[in-house]
Structures are given as structure tokens and as C-alpha cells.
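Throughout, read-outs are computed from the coordinates displayed, never taken from laboratory work. On a predicted model such as this, the values are computed, not experimentally measured, just so you know. Every residue, glycine as well, gets a Cβ built from its backbone with ideal geometry; the counts of neighbours run over all protein chains shown.
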Amino acid sequence: MKTDLTDTTASKINKALVKARRAIGTPAVGMVLTLVIVTDEENAYDALKAAGDASREHPSRTLVVIKRVSRSPRDRTQSRLDAEVRVGADAGTGETVVLRLHGEVVDHAQSVVLPLLLPDAPVVVWWPVNAPLDPANDPLGALAQRRVTDTYACEQPVKELAARADAYTPGDTDLSWTRITPWRSMLAAALDQVACQVQGVEVEGEEFNPSCELLAMWLADRLDVPVRRTRSAGPGLTAVRMDTDCGPIVLDRADGSLATLAIQGQPKRAVALKRRDTAELIAEELRRLDPDDTYASALRYGVERLKQENGGDAPAKGERESGERVAVPAPVESVAKGPAAEATAEAPVKRAAAK
């Protein structure tokens with residue numbers, strides 16, 4: 001059921017929600033959280049579809065905030081709020097309100113959203129694109145216990161990661177971090193199967209892919225060993241190679257779907273490691289609303305510590321045999337070193353156990 005409201009108020013929107021629930025025979029509110037999506041018209045459809053799919057696992061009230069840019073100075077002084085209320089089959093397992101803000105009300109979106117939040121329920125704010133540099137201090141972000149951004153959608157994702165580290169507040173998270181959850185689980189499980197010392201790691205993936213940088217920082221932070229970041233044609237992350245005193249451990253995914261895990265002394269295994277869509281990523285983030293300390297530690301490790309080594313950039317996949325170098329601006333293609341990496345000649349390498 002859809003209800004269109006033009007030049008409306010938050011009070012009228014709440015009344016429309018109650019009326020729509022009664023009309024479809026579900027007067028009770030059975031939602032577990034409020035998901036606020038801050039986006040533009042171009043990306044609203046994809047974000048709303050992802051939220052609708054995720055609502056099958058997390059029934060929620062979804063508020064989509066679309067800030068409409070006025071074309072003339074006269075229109076910018078005229079505030080107007082248009083809304084589209086969706087309940088029932090049109091809103092997945094929850095209910096959806098699409099809010100279009102015009103004029104001066106664009107700068108006061110929090111005053112529109114606040115009366116529409118579910119009482120005594122967690123609030124999650126998600127910016128699919130154009131996230132603020134400091135989500136916690138954003139007027140809408142201040143309403144939430146969890147703030148979700150996506151550095152992959154930024155023009156300069158590596159620089160964006162540095163800004164996220166400077167402004168990190170408990171409750172912040174990033175879909176670029178969520179994308180590497182299966183990789184982190186697989187690598188941790190592989191290390192649990194061997195009693196070896198990790199001496200170095202190589203992370204291979206697309207250029208300008210923040211998930212590759214985050215995985216490299218996580219490995220450098222947790223293992224305290226040098227981590228080399230190399231470039232490939234993708235898609236996304238393509239391989240992780242860990243050199244140990246028992247032989248190499250390689251997780252290779254060349255096609256973005258099926259990966260091969262190779263551990264010295266064991267047969268190779270095919271593992272499912274497909275690239276997940278946005279709905280799956282959002283559903284994972286909604287499963288936990290507490291601060292992600294592991295993400296914070298990896299993020300604070302810092303992309304500025306990914307430095308070049310051996311007087312040049314790491315070669316791309318397929319160029320190792322020829323010895324050609326790939327000219328890549330730092331710090332995208334780089335080498336990450338742990339806090340004790342410079343002292344590896346004097347100090348023994350730490351064991352491959354999680355801190």
C-alpha cells in the first residue's frame with residue numbers, strides 16, 4: 001500500500017503510517033530498529049531495494065532522506081516536505097517512508113526524521129554515497145547508535161580511509177570492511193590449522209579498492225609482520241599469500257566467485273568466496289549494533305603506514321616474470337609494516353595467532 005503526501009509534516013506522516021497499518025490488518029508495530037538512508041535521487045532506488053531485501057532478516061522502519069537541490073534562489077527559501085508512505089508488500093517486511101526535502105528544510109533533516117523514529121528502538125544511519133567526513137558529528141548521525149558509510153563509493157577511497165580514521169567514533173563502520181569478512185574468516189581458519197610463524201604477507205587486488213587496503217592493514221596490525229600491497233585487474237580482492245616457516249599459505253580468487261585455499265602439506269581446497277551484494281552487506285551490519293573494535297584497530301593502523309619498499313612499486317599480477325614495475329601513486333600500491341617491522345632483523349617474528 002502506497003500513500004503520497006505533498007507539502008506535509010511529520011505528524012501527518014505518522015498518521016498515514018497508522019492508517020496504512022490498519023488498512024492492511026496489521027495495527028501492531030513489529031519492527032526491531034529504524035534504518036535511516038541518506039542519499040540522492042540517483043542512488044535512492046538501489047539503496048531502497050537493498051534495504052527492502054535486508055528487512056526480511058531485520059524488520060525495520062526505513063526512512064529514506066532525499067535532499068532535493070533547488071535550482072533558483074527563490075526556491076531555496078521555500079521549505080517543503082513531500083513523503084511517500086509504503087506499508088505491506090511494497091515495503092518488504094517493515095514499512096518505508098521516502099522523504100524528499102526542498103528548500104531550507106534540507107539543512108534541518110534531523111528535525112523531520114526525529115519524530116518518525118521508532119520509540120525505544122536502535123537507530124542506524126546509512127550513507128550509500130556522499131557520506132560526511134565525520135559521521136558521528138553529522139546532525140543525522142548523532143541520532144544513531146550505528147553509522148554505516150561506504151568508502152568504495154568515494155572518488156578517492158584511500159584518502160577517505162585516512163579521514164575516517166581521524167574522525168572515528170565507536171559505532172562507525174564501513175561496507176568496505178564488511179566486504180572482507182569472509183576473507184578474514186578464511187584466513188584466520190587457515191592459520192588455526194598450522195603451527196607456524198608468519199614472516200610476510202602479500203595482498204593482491206584492484207587499484208583504489210579500500211577493501212584491499214583494510215585487509216592489508218588488518219593483517220599488518222594483527223600479525224605484526226610486513227604486508228605488501230600489490231595490484232591486479234580484479235575483480236575486487238584476488239589473492240592473499242602468507243609466507244610462513246612451514247611454507248606458503250595462499251588464498252586465491254581470480255574470478256570473484258570461487259577461491260582456492262592452498263596450505264603447504266595439504267591438498268588444495270575450493271572454497272565459496274563470492275562477491276556479496278549490498279543487501280547482504282547491510283544485513284550483516286544490522287546483526288550487531290555494538291562498536292566494532294577490530295575495525296577500529298585496523299583503521300587506526302593507518303593507510304599512511306603503507307609505504308613503498310625496494311625503491312619502486314610492487315609489480316602487478318602477470319608482470320612478475322618480466323620484472324617490469326608499475327607506476328602507481330603512493331600510498332595506493334605500497335607496503336604495510338607493523339610496529340616492529342623495522343626491527344625484524346633483531347627481533348623474532350610473532351606467531352600467527354590473533355592478538
Once amide H atoms are built 1.01 Å from N in the peptide plane, which residues 5 or more positions from Leu237, or in another chain, come under 5 Å H to H? Glu206
How do 14-20, 297-303 rank on mean C-beta neighbours within 10 Å, highest first? 297-303, 14-20
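Beyond a 30 Å Cα-Cα separation, which of these cross-linked pairs lie in this structure: Lys15/Lys49; Lys2/Lys159; Lys159/Lys274; Lys12/Lys49?
Where the Cα-Cα span goes over 30 Å, the pairs concerned are Lys2/Lys159.
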Given charges of +1 on the Cβ of Lys and Arg and -1 on the Cβ of Asp and Glu, with all other atoms neutral, how large is the dipole of the stretch 208-262 about its Cα centre, in debye to the nearest 20? 160
Report the FRET efficiency, 1/(1 + (r/R0)^6), for Asn43 and Gln199, where r is their Cβ-Cβ distance and R0 is 25 Å, rounded to 0.05. 0.05
Taking a label point 7 Å from the Cα of Asp293 along the Cα→Cβ vector, which residues of the stretch 222-251 have an amide N closer than 15 Å to it? 222
Those aspartates and glutamates that a straight Cα-Cα span of less than 14 Å connects to Lys268, excepting residues fewer than 8 apart in one chain: Asp252
Give me a comma-separated list of calculated 3J(HN,Hα) values for the stretch 205-212, in order, Karplus coefficients 6.51, -1.76, 1.60 applied at θ = phi - 60°, integers in Hz, x for any Gly or Pro. x, 4, 6, 6, 10, x, 5, 5
Whole-Hz Karplus ³J(HN,Hα) for the stretch 256-269, in order, using 6.51 cos²θ - 1.76 cosθ + 1.60 and θ = phi - 60°, x for Gly and Pro? x, 9, 10, 10, 10, 9, 10, 10, 4, x, 10, x, 5, 10
Ranked output for segments 54-64, 257-267 by mean other Cβ atoms within 10 Å, highest leading, reads 54-64, 257-267
Rounded, prolate or oblate: which one fits the stretch 130-252, using the alpha carbon gyration tensor with axes a ≥ b ≥ c (rounded when a/c is under 1.5, else prolate when a/b beats b/c, else oblate)? prolate
For the stretch 11-21, in residue order, the Karplus 3J(HN,Hα) values (coefficients 6.51, -1.76, 1.60; θ = phi - 60°; whole Hz; Gly and Pro = x) are 5, 5, 5, 4, 5, 5, 5, 4, 5, 5, 5
Quick check on packing: order 164-175, 209-220 by the mean number of other C-beta atoms within 10 Å, highest mean leading. 209-220, 164-175
Label-point separation (nm) for Ala270 and Leu133, each offset 7 Å from Cα along Cα-to-Cβ? 4.8
